[in-house]
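One structure is given below, encoded as structure tokens.
Nothing in this text is a laboratory measurement; each read-out follows from the coordinates by a stated rule. Computed from a predicted model, the values in this text were never measured in an experiment. Here the Cβ positions follow ideal geometry from the backbone for every residue, glycine too, while neighbour counts run over all protein chains shown.
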Amino acid sequence: MAADDLCLLEQIVARHGNDASKLLQILREVQECFGFIAPAAVNSLAESLAIPRARIESVASFYSFLHLTPHGEYRVLFSDNITDRMLGSQDLMAQMCQQLWLQPGKVSEDGLVSIGTTSCTGMCDQGPALLVNGRAITRLTHQRVMEIGQLIRNRTPLADWPADFFRIENNVRRSDLVLGSTLLPGVVLQIALALGGQHVVDSIKTSGLRGRGGAGFPTGLKWEGCRNAPGSEHYVVCNADEGEPGTFKDRVLLNLQPDLVFEGMTLCALAVGAKKGFLYLRGEYRYLLEPLQAVLQRRRDDNLLGKSILGFPGFDFDIEIHLGAGAYICGEESALIESLEGKRGVPRNRPPFPVTHGYLQQPTAVDNVETFCQAVLALHIDAEKYRAIGTEKSSGTKLISVSGDCPRPGIYEYPFGVTVREVLQDCGAVNTRAVQISGPAGVCLGESEFGRKLGFEDLPTAGAFMVFDDSRDMFEVARNFVHFFAHESCGFCTPCRVGTSILKQTMDKIAAGHGTRYDLNEVENLDRVLQTTSHCGLGRSACNPVLHTLKHFRPAYENKLKSLDFEPAFDLDGALARARQMTGRDDAGAHLKAEGI
Amino acid sequence: MSKKLRIATTSLAGCFGCHMSILDIDERLFALLELVEFDRSPITDIKHCAPCDIGIIEGGICNAENVHVLHEFRKNCKILIAIGACAINGGLPAQRNHLDLSSCLTEVYLTEPGLAHGHIPNDPELPLPLDKVHPLHEVVKIDYFIPGCPPSADAIWKFLTDLIAGKTPELGHGLIKYD
Ligand SMILES: Cc1cc2nc3c(=O)[nH]c(=O)nc-3n(C[C@H](O)[C@H](O)[C@H](O)COP(=O)(O)O)c2cc1C
Ligand code: SF4
Ligand code: SF4
Ligand code: FES
């Protein structure tokens, strides 16, 4: 490594206090600075952090945005969610590959560029989208892709690309309590400080607030559990990993209401007795880092963070932002904590839960971005009043991320209890065949169920609402989701690591016209194995896309099946073609008949 | 039991390790022979399968002949069992799936000196290799899988005795191994 580079590397490590628990953050910066993490960099980090090389390589190889080998000066990743595909992302990627003379997944021979795919980038309302060196570009068209290709070929530095490429819309279509809030920073904190931590916990309990990250755990109970758990330190963590394909509301909240998020975290710190908080920001939202840091600094300047907040002696709290690096599983709270500690994002055994044994094994309250915003407003408008919004078991409002086949995709905030049909009407969807609620892990609804209500009683959701009209093949939707799970399985437990791959192969087999009824039965068997033996929620829900679409859209599968009981997974005779060519044989023994047995 | 069940076994792209494990059931083989008769199997040296109740196959599918044998087993056996990692996943032979078949053949027969007089063998007697090694269930329907490399004799014994007794075979704790 050149002396300059070593110096840069040392600066990065020093900025993180030579702390091995910041390994992921360090690796991210090394990646950003050098384009990949070279063996010499690994050696140098191993030495300065006093940890083995193997640990560094194991962490680096876990996250898909970190590379141990050169991946080109320009690393282009097309967002590969079904909504991107519906907007033509696959054609656009093929176009760029052709323009730059490149195969997907490979680095060009001159080391200039690589092109690949990545899971949903959270730009579903303005797709198709891609990331170039971690920066998101949305609203791709053939024209735009061609321009990007030219910029890359001319080696134009990213900073000189047209600013409009990087413009990201908020697309707020319906505001309510949260998005409509004009609350000034510090107002609720002032009230809360006067009331005290216990009172905050009690109010949140009274408000009926439940977590907005998907599982809907009562927030007051979580905060109380954390408050009462013994530990030398307590921590607050905001989950802004937002990896669920089709969800992008946390991005909009962090952009439009960052003060509500940070105020909520500070409120939580008061409730649980924490001095330190983390915002875990998904790598795809890297562009939000500087604006968010500016907000944090302003809040420090206004004494809303730091020592003796708002003049209350002993109430010290500050927030650090950690960036993810392309791993959906890090949205799972215990994997997120592992990642915060600079490790591979593998879910922990639960129990013990993070409320008692979280970050550095200390009591930790992990909540979703939206949950923190809601908590502030629940306290502001009064807990009882908050409880009256929404439905009996789901109080307050919910941000819904609408994408797919509709003229007005974007963010819609409704009181809980809104029906699927109302959302469809508001976003202008017509001829809707299906709606996928809460991402690939959630449920797929057919028309007969559009009267169902969003809320924990009926349709719990983290917010994704993907619309499919009658031109869409629901089998392909499920196949895309199954590929997503296979790609994002963290690989820790065998049922999920192997099962999601088998599921993917089965769906590909059906897509290639080799499927039979037997394969559908196998999916049901696989579901039982995954449901009962997976270590975390990812494995447990991996079969949902297939099971749900099978329930409503069986013909989409059946018209692809062969009528036989069994079909080989591949073209038997075709598999001999290479050997025929190499040996020059074409006798009867050099062929295999297709036989369904 | 009125009539003995007929069992056929064969090794395709495997190492015979799974068959060794079948032999490892040792003196229990005598008890087994009270209940079953062996049809096509390395134990009997019978070359082709007659109609059987149970077929046991070790090893995956790496060439055209493997496909023919597997088809013969599927046509003749009421129940077909894939035994061992190779039959279930492709196992060790599937390591070649990372390589392109043409470059494998070129490397072995053309680049390296001394083999086959510098040409790729093309005698019609020889089965052609498939471009990839596949697990059995990608070629025919498989009814049961016994994992392990190889599965232990105890696992095989438990599995067969359950099956012969007409029960759903169940390998409890300690009998299922994935390596
Ligand atoms: C595979 C998986 C991915 C998850 N991803 C997220 C996520 O991106 N954002 C989030 O807030 N919660 C996510 N969760 C839920 C978290 O584990 C946790 O329940 C949540 O952050 C708690 O916050 P809440 O109570 O405010 O909802 C995920 C869970 C699983 C199992
Ligand atoms: S279920 Fe999947 S994602 Fe979860 S721990 Fe196991 S391998 Fe990892
Ligand atoms: S599974 Fe193991 S023992 Fe059996 S054939 Fe394969 S390599 Fe040999
Ligand atoms: S090493 Fe554990 S399954 Fe292969």
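Some notes on this structure:
- Modelled spin-label separation between residue A:392 and residue A:6, with each label point placed 7 Å from Cα along the Cα-to-Cβ direction: 7.1 nm.
- Residue mean of other protein chain beta carbons inside 10 Å, A:588-594: 4
- Local electrostatic count at residue A:139 - Lys and Arg +1, Asp and Glu -1, tallied over other residues with Cβ under 12 Å: -2
- Phi angles of segment A:479-494 translate, via the Karplus equation with coefficients 6.51, -1.76, 1.60 and θ = phi - 60°, into HN-Hα couplings of 5, 4, 5, 5, 4, 4, 5, 4, 5, 9, 3, 6, x, 6, 10, 4 Hz per residue; Gly and Pro are given as x.
- Lysines with Cα under 20 Å of residue A:393, excluding same-chain neighbours fewer than 8 positions away: A:205, A:222, A:385, A:453
- Peptides ranked, highest mean first, by Cβ atoms within 10 Å: ranges A:426-438, B:28-40, A:329-341: A:329-341, A:426-438, B:28-40
- Shielding score for B:70-78, defined as the mean number of other chain Cβ atoms within 10 Å: 1
- Viscosity 1.306 mPa s, temperature 10 °C, Stokes-Einstein D of segment A:399-469 from Kirkwood C-alpha radius, µm²/s: 137 µm²/s
- Taking amide hydrogens as placed 1.01 Å from N in the peptide plane, the amide H of residue A:390 sits under 5 Å from those of A:396, A:416, each at least 5 positions away in sequence or on another chain.
- Cβ-defined net charge surrounding residue A:426, 9 Å radius [Lys, Arg +1; Asp, Glu -1]: +2
- Between residue A:287 and residue A:43, the distance separating the two model label sites (each 7 Å from Cα on the Cα→Cβ line) works out to 3.9 nm.
- Shape category assigned to segment A:173-213 from the gyration tensor of Cα positions, a/c cut at 1.5: oblate
- Against the empirical 2.2 N^0.38 Å (N residues), segment A:79-187 has a Cα radius of gyration ratio of 1.29.
- Cα-Cα pairs of segment A:3-60 separated by more than 16 Å (percent): 28 percent
- For the pair residue A:560 and residue A:221, a Förster radius of 41 Å applied to the C-beta separation gives a FRET efficiency near 0.30, rounded to the nearest 0.05.
- If you take all other residues with their beta carbon under 15 Å from the beta carbon of residue A:318, and give Lys and Arg +1 and Asp and Glu -1, the sum is 0.
- Percent of Cα pairs exceeding the 41 Å cut-off, where the set is the protein assembly as shown: 42 percent
- Straightening the chain between residue A:98 and residue A:532 buys 151.7 nm, computed as 0.36 nm per residue apart minus the Cα-Cα spacing.
- Built amide H within the under 5 Å cut-off of residue B:91, gap 5+: none
- Karplus 3J(HN,Hα) series, Hz, for segment A:360-373 with 6.51 cos²θ - 1.76 cosθ + 1.60 (x for Gly, Pro): 6, 6, 9, x, 9, 9, 9, 9, 6, 3, 5, 4, 5, 4
- Vicinal HN-Hα couplings computed from phi for segment A:170-176 (Karplus, 6.51 cos²θ - 1.76 cosθ + 1.60; Hz; Gly/Pro x): 8, 6, 7, 9, 8, 10, 9
- Taking a ≥ b ≥ c as the square roots of the eigenvalues of the alpha-carbon gyration tensor, segment B:18-156 is classed prolate because a/c is 1.5 or more and a/b outweighs b/c.
- Hull volume in cubic angstrom per residue (convex hull over the Cα atoms of segment A:367-515): 135 Å³
- Segment A:444-571: C-alpha gyration tensor shape, a/c 1.5 cut-off, then a/b vs b/c: oblate
- Looking at chain A alone, DSSP beta bridges between its own residues are antiparallel in about 45 percent of cases.
- Shielding by partners, peptide A:421-434 (average Cβ within 10 angstrom, other chains): 0
- Sequence-distant residues sharing a close amide H with residue B:77 (under 5 Å, placed H): B:52
- GNM on chain B, alpha-carbon springs under 10 angstrom: the most fluctuating residue among B:11, B:152, B:103 is B:103.
- Beta bridge orientation in chain B: antiparallel %, DSSP, nearest 5: 15 percent
- Proximal lysines to residue B:177, defined as alpha-carbon separation beneath 22 angstrom and excluding residues fewer than eight positions away on the same chain: B:158, B:167
- Note on residue A:562: lysines with a C-alpha under 17 Å away, same-chain residues under 8 apart excluded, are A:509, A:593, B:141.
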